[in-house]
1. Using only Cα atoms, what Kirkwood radius does the stretch 236-432 have, in angstroms?
2. Based on the alpha-carbon gyration tensor of the stretch 71-169 and its eigenvalue square roots a ≥ b ≥ c, which shape applies: rounded if a/c is under 1.5, prolate if not and a/b is larger than b/c, or oblate?
3. Enumerate the calculated ³J(HN,Hα) couplings along the stretch 252-260 in order (Karplus 6.51 cos²θ - 1.76 cosθ + 1.60, θ = phi - 60°), each rounded to whole Hz, writing x wherever the residue is Gly or Pro.
4. Any chance you could check the Cα centroid distance between the stretch 172-244 and the stretch 475-497 for me, in angstrom?
5. Tell me, what ³J(HN,Hα) does each residue in the stretch 347-356 have, in order and in whole Hz, if you take phi through Karplus 6.51 cos²θ - 1.76 cosθ + 1.60 with θ = phi - 60° and put x for Gly and Pro?
6. Could you state the number of Å between the C-alpha centres of the stretch 330-357 and the stretch 515-531?
7. Mind listing the long-range amide H neighbours of Arg424? Cut-off is under 5 Å, sequence gap 5 or more, other chains count too, H placed in the peptide plane at 1.01 Å from N.
8. Would you mind classifying the stretch 481-544 by shape? Square roots of the alpha carbon gyration tensor eigenvalues, ordered a ≥ b ≥ c; an a/c under 1.5 is rounded, otherwise it is prolate if a/b is larger than b/c and oblate if not.
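None of the figures in this text is laboratory data; all of them are computed from the coordinates on show. Quantities reported herein were computed from a predicted structural model and do not represent experimental measurements. Cβ placement follows ideal geometry from the backbone for every residue including glycine, while neighbour counts extend to all protein chains displayed.
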Amino acid sequence: MNSKINMKYMELVEVYEALDSTTKRLEKTSILAKFFKIMGNEEPELLPIVTLMSLGRIFPTWSEEELGLGSKLLMKAISLVAGVGPDDVENMTRDAGDIGLAAETLLKRKQQSTLFARQPLTIEKVHSNLIKITKISGNRAQNKKMEILRELFSSASPKEAKYITRTVLEELRVGVGEGTIKDAISEAFEVEKTAVERAHMLTNDLGLVAEVAKEEGEEGLGKLTLKPGKPVKPMLAQLSPGIKISVEEMGWALCETKYDGIRVQIHRLGDDINIFTRRLENISNAVPEIVEYIRKSLPACDFIVEGEIIVTRDGKPISFQYILQRVRRKYDIEKMREKVPLKLYLFDVLYYDGPQIDTPFEERRRILESIVTVTEHKLELSSQVKTTPEEIWKAEDLFTASIKGGHEGIMIKDPHAPYMPGIRGKKMLKLKAVPETLDLVIVGGTYGKGRRAHVIGSYLLAVRDENNDFKTLAHAATGLDDNMLIELSRMVEPLIVKKMGRKVEITPSIILEIAYSEIVKSPEYESGYSLRFPVVKRIREDIGLDDIDTVERVDSMFKEV
Ligand code: ATP
């Protein structure tokens with residue numbers, strides 16, 4: 001780096017202290033704006049670095065690089081420099097509630113007992129030493145890391161030590177978030193907040209945004225766009241108020257199975273493939289098979305695609321909880337690969353042959369279909385159906401099939417919509433079955449028409465009340481395939497007590513497990529409630545009438561939401 005660079009670390013520490021001394025966001029913003037302006041004028045090379053350091057970070061959140069220093073190592077380094085035992089650091093940390101404060105206090109004591117002249121630390125020195133730490137690996141890595149830390153602490157004043165410690169732990173505790181930094185960039189370099197917002201949304205690199213705002217102003221910010229390698233915040237979904245109304249509002253819709261796993265954004269840049277979570281953490285190392293599938297199934301060019309990783313067992317999805325065991329894993333990855341097998345469903349493309357976020361979804365899906373080769377059942381495209389207001393049943397069938405397949409529900413997507421990073425808008429909607437199902441008993445039914453006149457197509461279901469009386473709650477017409485419908489009709493027929501046209505009354509005996517998207521108030525049913533999108537999951541022959549769900553449970557589930 002340039003030898004002119006000599007801004008003292010103490011100046012940054014004074015900014016931290018000033019930020020810590022106020023709770024007012026506007027004041028924090030103007031403290032930072034002033035500092036960014038000075039940095040921009042005096043040492044522009046350092047501007048991206050101090051922007052990140054103002055957030056207590058050395059790397060953007062999505063970077064694969066990390067300091068990898070635990071608090072144990074930090075405490076040891078502090079104890080060596082302060083001339084006390086590691087236990088003393090631990091006790092002091094416990095009392096102060098923060099290793100940073102403990103470091104400050106212990107170094108202050110040490111300073112009082114010794115007279116030492118030290119070279120003032122520069123921002124560049126602190127930064128480059130922390131970067132050096134990330135590069136150390138292999139033999140005696142921990143010792144080497146600690147040596148660098150020790151050297152840093154030896155040159156630090158007590159206050160500097162406090163913030164070096166907190167920076168290493170990525171917890172600055174001065175009450176500054178990304179929002180304040182963005183406002184400060186806008187104030188310091190006199191650029192519109194919206195331009196900063198947009199640039200940040202597309203690059204997720206506040207250091208770069210600050211640099212471009214300073215050097216090229218709004219025009220430069222406007223030219224920033226997404227690039228493979230740097231993740232963008234994903235577009236989010238609102239709840240659908242109902243399939244019909246949602247499809248009608250969109251004109252027509254592309255509906256997809258909603259898989260229950262973790263959302264991933266997959267970037268290929270040159271030969272590198274990186275996988276980011278929704279919170280933009282890089283999990284590529286934890287899921288090597290996904291990297292392999294992507295390498296096999298997509299072209300060898302730069303791209304960004306999105307999808308959901310789920311865990312499967314015997315081809316069926318299993319609880320989403322298992323996936324956390326995989327993505328948080330640092331060791332034994334090969335063993336876990338077999339134990340917790342993953343599958344990827346791709347559902348969007350953000351970059352291919354240039355940015356595609358302004359391309360309508362319908363076209364993006366076409367691109368995705370044209371570039372993905374499904375070679376094995378480990379990587380597929382999300383199942384999708386085109387639904388018009390006249391053919392709502394197609395989306396309803398997809399919902400039923402999703403629940404039966406062990407998935408969460410459906411997504412309803414506007415085919416004309418661009419990809420809107422970080423926005424939870426109306427262009428992508430979700431309709432989910434709630435995780436808790438209800439066990440309900442059949443008390444009635446309605447025979448079908450025409451070809452289905454001999455089978456009961458819709459069942460009237462009930463819960464129990466406090467007197468053990470049955471109270472109706474819903475009609476369920478979907479979820480059973482033709483064979484199951486016939487089988488159920490056969491089981492139910494001996495229990496029919498009364499026929500009224502196509503409707504029948506049935507002695508309560510057969511219990512069904514029902515998934516649904518929502519409990520709503522309804523005067524139509526005796527329980528006072530009804531279920532939206534009830535889907536039969538299975539016949540429950542393993543429980544009795546005493547075990548079915550109650551009005552009380554439905555009532556409390558309704559109130560919980
Ligand atoms: P939820 O807990 O309901 O998943 P969320 O807050 O995590 O909600 P939302 O944006 O509200 O996320 O819901 C959309 C999520 O559904 C996506 O983030 C993604 O993880 C998941 N998903 C599963 N299948 C699809 C699909 N086919 N298309 C888009 N998103 C999907």
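1. Details: mean 1/r = 0.0581 Å⁻¹.
After inverting the mean inverse Cα-Cα distance, the result is 17.2 Å.
2. Details: a/c = 1.67, a/b = 1.23, b/c = 1.35.
It comes out oblate by the Cα gyration axes.
3. Calculated HN-Hα couplings, in order: 8, 9, 9, 9, 9, 4, 9, 7, 10 Hz.
4. Result: 55 Å between the Cα centres.
5. 9, 7, 10, 10, 8, 6, 6, x, x, 10
6. 39 Å
7. Counting only residues 5 or more places away or on other chains, the set is Leu236.
8. On the way: a/c = 1.81, a/b = 1.26, b/c = 1.44.
It comes out oblate by the Cα gyration axes.
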